[in-house]
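Read-outs: derived from the displayed coordinates by stated rules, not from any lab. Because the structure is a prediction, the values reported are computed rather than measured.
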Amino acid sequence: MLLTGITAAIAVQQPALGVTLPAAYKAAAHGDIVALDATPVPAGSLASVRLGHSSGSVDSTTAAPNSRAESANLDGSALLDNVPLDVDSVTATAPPRSGPTSRSLLPIPPNPLLKPGLIEGSVPADYASATACPVAVAGQRVYSDSLTSLAQTTVGDLSAVPGAPSSIASVGASRVRTVTALVDDAVGGSDVEAVTTTTVGDVSLFGGRAVVRVTSPVVLRAHSDGTTGTAAFDSPPTVRVLLASAPAIPVPLNGSPVTVPIAIPGLNTSVTVTGFGLTNASTGATAAASLQALLRVDVDLTLATTQVADVSLSPAPMDVRAEAPVGGVTCNRATPTPSPTATTPATDNPDRDGDGLTNVRETKLGTDPR
């Protein structure tokens, strides 16, 4: 009887090892590099656009394809002088395993509001079957991996305004990556994750009179072990406005706008920068969070009584979601072989000591990632 009691107590304390496949699990991640809105709309120009799109998903409960990765020049429709722009995307689906496929995406025609840089995309997808997981590399079993990059982009042509800088803003080279995966835990199971990682280039205003700088990369992660779902930034991002002859201005991520003192001869200028926090919708075993944008730069320009431009520039809209069965998923931990990944090395969550667990996982488990 004593042995029975001890055995029962040990059994209660042991974590669940995961659900043997087939099992119900799903994850989705999405991100855009920058959203842009403007009024009034100059002739031959855009009014609203979401530039540089990345998304990925896996769902074991649907019919094939169960995994999908997509990289696109635009997220949704856009009009150029009331003419629809083509959305150009590169996609990969599984099963069967496909990619990586990489190519330059259709450019957005230059116009008075926006002169975008080169947009490139890379996507692989993997899904072995309902009864098998992708092989693990460094403890991660990747289903979808989408990478979209955008070269330096110019916003707002001011060349027709005497004495003004050539443009309202420029956005430095940026990229967004979305990954869905199973992540092996320390007790024999695999948890479900969705991760959106955005590297935000410097936003230079009026030829460098002010620079908005973000600590990059910004990593938003949803993690579900089947009992608890959590969603958060890997590290809290920071936003600062750098001025040539004044101390840097910190921008809180609480929706409160910060005024940026910029004077342009001949123009009435109003510039504010607003930072935003994420909305955490996690409940039970479901991990979910969204970010309408990490920040928004609002610029209002008038010449005498005539409005020249009212522009909003919003980098890094992001969202993630992950759901796992109780205890996670049980995968066959065979000798790992490379899984398909986007063509840029995945350095967003390294495994510094090479033990098969990423730094983030070791931190969660309370072990030493060094």
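Data for the structure
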quantity	calculated
Centroid-to-centroid separation of segment 263-296 and segment 111-184 [C-alpha atoms, Å]	18
Segment 133-268: mean projected area of Cα convex hull, nm²	11.3
Per-residue HN-Hα couplings for segment 273-288 [Karplus 6.51, -1.76, 1.60; θ = phi - 60°; Hz; x = Gly/Pro]	10, 10, x, 10, x, 7, 9, 9, 10, 5, 8, x, 7, 8, 9, 7
Cα gyration tensor shape for segment 107-175, rounded if a/c is under 1.5, else prolate or oblate	prolate
³J(HN,Hα) computed for each position of segment 227-235 - Karplus, 6.51 cos²θ - 1.76 cosθ + 1.60, integer Hz, glycine/proline x	10, 10, x, 10, 9, 6, 6, 4, 9
Cα shape, segment 46-115, gyration tensor, a/c 1.5 rule	prolate
